Amino acid sequence: MALDCDVLIVGGGPVGVTLALLLQDEGASVIVAEQAADIYPLPRAAHIDHEIVRVFQRIGVADEVMASSRCADRYDFLTAAGEVLMSFDTGAGPGPSGWPASNMIHQPSIEAALRLRLATKPRAELRSGWTFGAMRADDEGVAADFSTADGEQTLKARYLVGCDGARSAVRDVTGIVFDDLQFDEPWLVIDTIVHDAARLPRANLQICDPARPTTCVLMGEGRHRWEFMLLPGETAEQVVDDAFIADLLRPWEVEGAVTLERKAVYRFHALIARDWRQGRVLLAGDAAHQMPPFAGQGLCSGIRDAANVSWKLGAIIRGEAAESLLDTYQTEREPNVRAIIDMALMMGRTVCITDPPAAAARDAAMLGQRQRGGGPGGGLSYPPISAGRILVGSAAAGEYFPQPWSRQEGQPLRLDDVLGGGPWLIGRSPRAGGAHPGLRLACLAEPELAPFADDLAGWLDRRGAAAVLVRPDRYVFGTGEADDLARAWMS
Ligand SMILES: Cc1cc2nc3c(=O)[nH]c(=O)nc-3n(C[C@H](O)[C@H](O)[C@H](O)COP(=O)(O)OP(=O)(O)OC[C@H]3O[C@@H](n4cnc5c(N)ncnc54)[C@H](O)[C@@H]3O)c2cc1C
């Protein structure tokens, strides 16, 4: 059977469409098969971090996403009486990626921007109304069967990536199972349209009130979110009633300041797939991992999956790398996701206490810790890559490589816009590394790099390195002498 595309993506959610955009920039042909006719309309992600905006910059949607996003610089966990149990400084200024550290968003607007972008791409296509059912893999590729309005259809590709969300059928048919990290709490989520922002909190809040654990967070421009934990005995039908919701909102005194836009009840879980790859079939996004939303990182983690696996699939499809490169996908991504899930669980277990004596004990312990200058809080950061396609042992290998930026004629100019996609070898010397196919060679003396030269030189100085090789996902492959790095990268 002839191949229909290089990579078949099952699921046209934000992770699937981002992956398609990244892959097509890698030169791969892609079909995204999506069961639904439209973008999922109910409340989900409200936050993305700076690193995700840099991925969106790469695929050309960052400006559109940022136009409607709002920065949140604080995330506070409060007792019922308003005392601070934990406070995270999410920073109003730019994060290492050159974009604001914490951005409050409206997920359907982002998905719409991603799909519009996909529609402009010659090598990528979204097929809506295609429901995945089964697949068979052989030496050449994967054949997948779909139910469509025109009957059963089969598509064949070299690789298949299941981006089909929490109930992934791709995961089910591979027989891949989850590690259950033991969290299971039902919450009502409501999104509102804002009419009077001055009457709403300006920080993101978790109210650790055992009588009703509650979340109140900003969203993209013009929206605000509340989440209310269901109490024992309450049902989903009961809590989605508008009168019930009005009662829940009453203590916030926001009548007239907001109107209800959408509502949904979710069970928040913490699950991670034991295997993220089975031969030519891979999982990404919620299909591979799910976490309670307290750290605002589920979607972010899926986008990081896409950034990680896309350049590896691209290199394999172009014949520049062996298929074994895919072994590094889970090795690199799983520890990062587990650390993020741990943080989300710590936050969730702090908030979701409905037993008053247990809540009082939590408050006493955490307030005491804070008085002594300890306890969780401060900045939020997650571990770098410690094993995989990196030059282990060289300074900064596996770290996130920052994106310096400067203002030119009133407009921000960012490093990635100057250097473009693919791997970079940035060195101090004008002849750094000589010529190497596929590597963008850059030296600090280049006029184009002048706006960033001080930042880049400072970064190299701190690592005592002559050069750095940066992977296409903007993690550091390694540091050292340019020629040695180029040789190691090509090997
Ligand atoms: C209340 C809530 C708040 C959240 N807040 C945040 C936050 O602030 N920050 C954050 O980063 N994350 C957050 N998340 C998580 C985030 O929404 C998800 O991680 C994200 O949507 C996952 O994207 P995805 O593309 O992997 O999966 P999905 O968005 O679920 O997309 C999967 C797609 O696959 C399609 N599909 C499913 N089965 C098939 C099939 N058989 N055939 C074809 N197509 C199929 C579906 O129709 C869907 O379009 C939140 C989630 C919830 C519920």
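Miscellaneous remarks
- When the residues of the range 329-376 are filtered to those that are in a helix (DSSP H, G or I) and of a type in the set (Lys, Arg), the one that is surrounded by the fewest Cβ atoms within 10 Å (Cβ to Cβ) is Arg349.
- On inspection, Asp305 does not qualify as assigned to a loop (DSSP other than H, G, I, E, B) and at pLDDT 95 or above.
- Check on Gly27, under 24 Å from Ser147 (Cα atoms) and of a type outside the set (S, T, N, Q): no
- Exactly one residue among Asp164, Asp145 is closer than 27 Å to Leu299 by Cβ, acidic (Asp, Glu) and either in a strand (DSSP E or B) or near the ligand (Cβ under 10 Å from one of its atoms) (or both), and that residue is Asp164.
- Looking at Arg199, Arg267, Arg223, Arg250, just one residue is within 30 Å of Cys71 (Cα to Cα), crowded, with 21+ Cβ neighbours inside 10 Å and out of contact with any Leu (no Cβ under 9 Å at 6 or more places or on another chain), and that residue is Arg223.
- Qualifying position, being out of contact with any His (no Cβ under 7 Å at 6 or more places or on another chain) and buried (at least 21 other Cβ atoms within 10 Å of the Cβ), among Ala387, Ala488, Ala482: Ala482
- Residue that is farthest from the ligand (Cβ to nearest atom), among those in the range 302-327 that are among the acidic types (Asp, Glu) and either over 28 Å from Phe88 (Cα atoms) or assigned by TED's automatic domain parsing to the domain that holds Val470 (or both): Glu320
- Within the range 277-293, if we keep just the residues that are buried (at least 24 other Cβ atoms within 10 Å of the Cβ) and over 13 Å from the mean Cα position of the chain (by Cα), the residue that is nearest to the ligand (Cβ to nearest atom) turns out to be Ala287.
- Being within 13 Å of the ligand (Cβ to nearest atom), in a strand (DSSP E or B), in contact (Cβ under 8 Å) with a residue 60 or more places away in the chain and of a type outside the set (S, T, N, Q) holds for only one residue in Leu271, Leu299, and it is Leu271.
- Qualifying residue in the range 130-138 (condition: near the ligand (Cβ under 9 Å from one of its atoms), of a type in the set (Phe, Trp, Tyr), at pLDDT 95 or above and not in a strand (DSSP E or B)): yes
Here's the yes/no breakdown for (1) farther than 27 Å from Trp252 by Cα; (2) touching a Phe, Trp or Tyr at 6+ places or on another chain (Cβ under 9 Å):
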residue: Cys5; (1), (2): yes, no
residue: Leu22; (1), (2): yes, yes
residue: Pro41; (1), (2): no, no
residue: Arg44; (1), (2): no, yes
residue: His50; (1), (2): yes, yes
residue: Phe56; (1), (2): yes, yes
residue: Gly91; (1), (2): no, no
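- Going through (1) surrounded by fewer than 24 Cβ atoms within 10 Å (Cβ to Cβ); (2) touching a residue at least 12 places away in the same chain (Cβ under 8 Å); (3) touching a Pro at 6+ places or on another chain (Cβ under 8 Å) one by one, Gly93 falls short only on (2).
- Ser29 away from the ligand (no atom under 16 Å from the Cβ), surrounded by fewer than 24 Cβ atoms within 10 Å (Cβ to Cβ) and in contact (Cβ under 8 Å) with a residue 24 or more places away in the chain: yes
- One residue stands out in the range 410-428 among those that are under 21 Å from Gly478 (Cβ atoms) and among the aliphatic types (A, V, I, L, M): the one that is surrounded by the most Cβ atoms within 10 Å (Cβ to Cβ), namely Ile426.
- Looking only at the range 32-47, residues that are more than 6 Å from the ligand (Cβ to nearest atom) and under 24 Å from Pro292 (Cα atoms) come to 3 in all.
- Pair list, Cβ under 7 Å, 6 or more apart: the range 167-193 residue in a loop (DSSP other than H, G, I, E, B), other residue modelled with pLDDT of 95 or more and more than 10 Å from the ligand (Cβ to nearest atom): Ile176/Ala273; Ile176/Arg274; Ile176/Asp275; Ile176/Gln278; Val177/Arg274
- Of the numbered criteria (1) under 23 Å from Pro41 (Cβ atoms); (2) near the ligand (Cβ under 9 Å from one of its atoms), the one Ala243 fails is (2).
- Hey, Phe77 under 30 Å from Asp355 (Cα atoms), touching a Ser or Thr at 6+ places or on another chain (Cβ under 8 Å) and either more than 10 Å from the ligand (Cβ to nearest atom) or among the charged types (D, E, K, R) (or both) or not: yes
- Just so you know, in the range 1-26 the residues that are assigned to a loop (DSSP other than H, G, I, E, B) and more than 6 Å from the ligand (Cβ to nearest atom) include one that is surrounded by the most Cβ atoms within 10 Å (Cβ to Cβ), and it is Glu26.
- Enumeration of residues in the range 215-242 that are among the acidic types (Asp, Glu), modelled with pLDDT of 95 or more and assigned to a loop (DSSP other than H, G, I, E, B): Glu234, Asp241
Results for (1) crowded, with 17+ Cβ neighbours inside 10 Å; (2) under 26 Å from Leu22 (Cα atoms); (3) outside the structural domain of Ala37 (by TED's automatic domain parsing); (4) not small (Gly, Ala, Ser), shown as yes or no for each residue.
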{"residue": "Leu78", "(1), (2), (3), (4)": "yes, no, yes, yes"}
{"residue": "Ala81", "(1), (2), (3), (4)": "no, no, yes, no"}
{"residue": "Ala112", "(1), (2), (3), (4)": "no, yes, no, no"}
{"residue": "Ala124", "(1), (2), (3), (4)": "yes, yes, no, no"}
{"residue": "Thr131", "(1), (2), (3), (4)": "no, yes, no, yes"}
{"residue": "Asp150", "(1), (2), (3), (4)": "no, no, no, yes"}
{"residue": "Ala157", "(1), (2), (3), (4)": "yes, yes, no, no"}
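- Taking strands (runs of 3 or more DSSP E) as the structural unit, those lying wholly within the range 377-491 and holding at least 2 residues that are without any contact (Cβ under 8 Å) to a residue 40 or more places away in the chain correspond to 411-414, 440-443.
The values are calculated or read from the model by the stated rules, or taken from the named source; none is laboratory data. No experiment lies behind these values; they were computed from the predicted model shown. Cβ: placed from backbone, ideal geometry, glycine included. Neighbour counts: every protein chain shown.
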